[in-house]
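The next block holds one structure in the form of C-alpha cells; read it before the comments.
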Amino acid sequence: MLKRISAAVLAGLTAMAVTACGSGGGGASGGSSGADVITMGFSQVGAESGWRTANTKSVQDAAKEAGITLKFSDAQQKQENQIKAIRSYIQQRVDVIAFSPVVESGWDTVLKEAKDANIPVILTDRAVDSPDKSLYKTFLGSDFVEEGKKAGTWLVEEYKDSTDPVNIVELQGTTGSAPANDRRDGFQEVIKADPKFKVIASQTGDFTRAKGKEVMEAFLKANPDIDVLYAHNDDMGLGAIEAIEGAGKVPGQDIKIITVDAVKDGMQALADGKISFIVECSPLLGPQLMDLAKKVVAGEQVPDRVVTEETTFTQEQAKEVLSTRQY
Ligand code: AHR
C-alpha cells in the first residue's frame, strides 16, 4: 500500500516538474514539448554593483510580465559557477538559456554542449570572444567601446585649453570581462591622440565599491599628483570617493572623476559635484531579452547584435533627471 502511494506521489511530482519546465512549442527550442510556457535558464554574473541589482530586477520583472518561467542563478562572479548553471539548464531541457558572461573567454565547450542539445543561447550584457558565432543566437547589450570613447571625449574637451600633463588613474572592471577590456580600449583610443594625457596607474577594482576604495587608497599613497580618476563603473567611483575624502582631498575638485553606469547613487554624487561626468550604461535589458527569447524559441530570425541606447550626464543634467531615475 505504502509502495503504491509513494509511486503515485512520485508520478505526480514528475508530471509537475515537467510542466514547470514548459516548452517553446517547437522552433529552435530543445526544451520538452507539450505546453506553451517558455522556460528560460538565466545565469547572472553576481550582485557586485548597483547596476547588477537593477539588471537582475529588470530580468525577473520582465519574465513575469512576459509569462516566461525563469530559472535564475547567481554565479558570484565565478566562471565555473556559470558553466555549472548552464550545464544544469541543459540537463533540465529549458527552452532557452540566457547569460551575462563574467569574462570573455573560455565558453566554447559549454556553448557547444547547448548547441548539441538544440537549446538556443542568448548573450545579455556582456560578450564572449568565441570566433564561432553559431554558438549563440544574439547578443543584447551596450557598446562598451563606445562608452570608453565617450569618457575619453569628455576628458579631452575638459582639458582642451591646458598644456600641462594630465595624470590619470584608472579603476578597471573585472579582469578579462568585456566591459573592462572595452572601456579601457575605447578610452585609450581617444586620449592617445594627445601625449599630455598619461595613465599613471591602472588596476582592477572588480566593479565593487569596497575594492574601488581599497585600490584608490593605494593609488593615492603611491601617486601624489593625481588629476583624474577614470572608474569603469559608479560603484568603484563611489568607493574611491571615500578614499579621496579619507586622504583629505576634495573629489570633483582636487581629483576629477569620470564613471560609467549612471545608477542613482552615482547620479547623486554627480549632482553633488563629487563626480564630474557619467557615461550611461543601461541595466534595463529585461523586456528586450524576453522579446528576443520568444522569437528565438519560435524559430524566428533575430539580429546578431542588439545594442542598447544610452546617453551621458554632466553635473547639471544629473540634477535635472535625478528624481526620475528608475534605478
Ligand atoms: O557588464 C556591465 C557592468 O557590470 C556594469 O557597468 C557594472 O557596474 C557591472 O558590474
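The values are calculated or read from the model by the stated rules, or taken from the named source; none is laboratory data. The shown structure was predicted, so the numbers you read here are calculated from the model rather than taken from an experiment. With ideal geometry, Cβ positions are generated from the backbone for all residues, glycine too; neighbour counts draw on all protein chains shown.
Residues in segment 239-269 that are more than 16 Å from the ligand (Cβ to nearest atom), buried (at least 23 other Cβ atoms within 10 Å of the Cβ) and outside any strand (DSSP E or B): Ile244 alone.
Results for (1) among the aromatic types (Phe, Trp, Tyr); (2) over 23 Å from Gly46 (Cβ atoms); (3) not in a loop (DSSP other than H, G, I, E, B), shown as yes or no for each residue.
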| site | (1), (2), (3) |
| --- | --- |
| Ser162 | no, yes, no |
| Asp182 | no, no, yes |
| Gly186 | no, yes, yes |
| Ala193 | no, yes, no |
| Val199 | no, yes, yes |
| Gly212 | no, no, yes |
| Phe219 | yes, yes, yes |
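Of all the criteria given as (1) under 20 Å from Ala243 (Cβ atoms); (2) in contact with a Cys (Cβ under 8 Å, 6 or more places away or on another chain), the one not satisfied by Pro179 is (1). The single condition among (1) outside any helix (DSSP H, G or I); (2) touching a helix residue (DSSP H, G or I) at 6+ places or on another chain (Cβ under 6 Å); (3) away from the ligand (no atom under 12 Å from the Cβ) that Leu111 does not meet is (1). A single member of Ser177, Ser162 is small (Gly, Ala, Ser), out of contact with any Leu (no Cβ under 7 Å at 6 or more places or on another chain) and more than 16 Å from the ligand (Cβ to nearest atom), and it is Ser162.
Hey, can you tell me all the residues within segment 157-168 that are crowded, with 21+ Cβ neighbours inside 10 Å and of a type outside the set (A, V, I, L, M)?
Selection gives nothing.
Of all residues in segment 221-238, those that are assigned to a helix (DSSP H, G or I) and either aromatic (Phe, Trp, Tyr) or within 24 Å of the chain's Cα centre (by Cα) (or both) total 5.
Every residue, every condition in (1) assigned by TED's automatic domain parsing to the domain that holds Glu217; (2) among the basic types (Lys, Arg); (3) surrounded by fewer than 22 Cβ atoms within 10 Å (Cβ to Cβ); (4) free of Cβ contacts under 8 Å to residues at least 40 places away in the same chain, yes or no:
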| position | (1), (2), (3), (4) |
| --- | --- |
| Lys115 | no, yes, yes, yes |
| Lys133 | no, yes, yes, no |
| Gly152 | yes, no, no, yes |
| Leu155 | yes, no, no, no |
| Glu170 | yes, no, no, no |
| Asp182 | yes, no, no, yes |
| Asp185 | yes, no, yes, no |
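If you check Phe139, Phe187, Phe144, Phe197 for being away from the ligand (no atom under 13 Å from the Cβ), aromatic (Phe, Trp, Tyr) and under 20 Å from the mean Cα position of the chain (by Cα), only one passes: Phe187. A search for C-beta distances below 7 Å between a residue of segment 34-58 that is under 18 Å from Asp265 (Cβ atoms) and any residue that is of a type in the set (Phe, Trp, Tyr) and part of a loop (DSSP other than H, G, I, E, B), counting only pairs 6+ apart in sequence or on different chains, returns Glu48/Phe207; Ser49/Phe207; Ala54/Tyr327.
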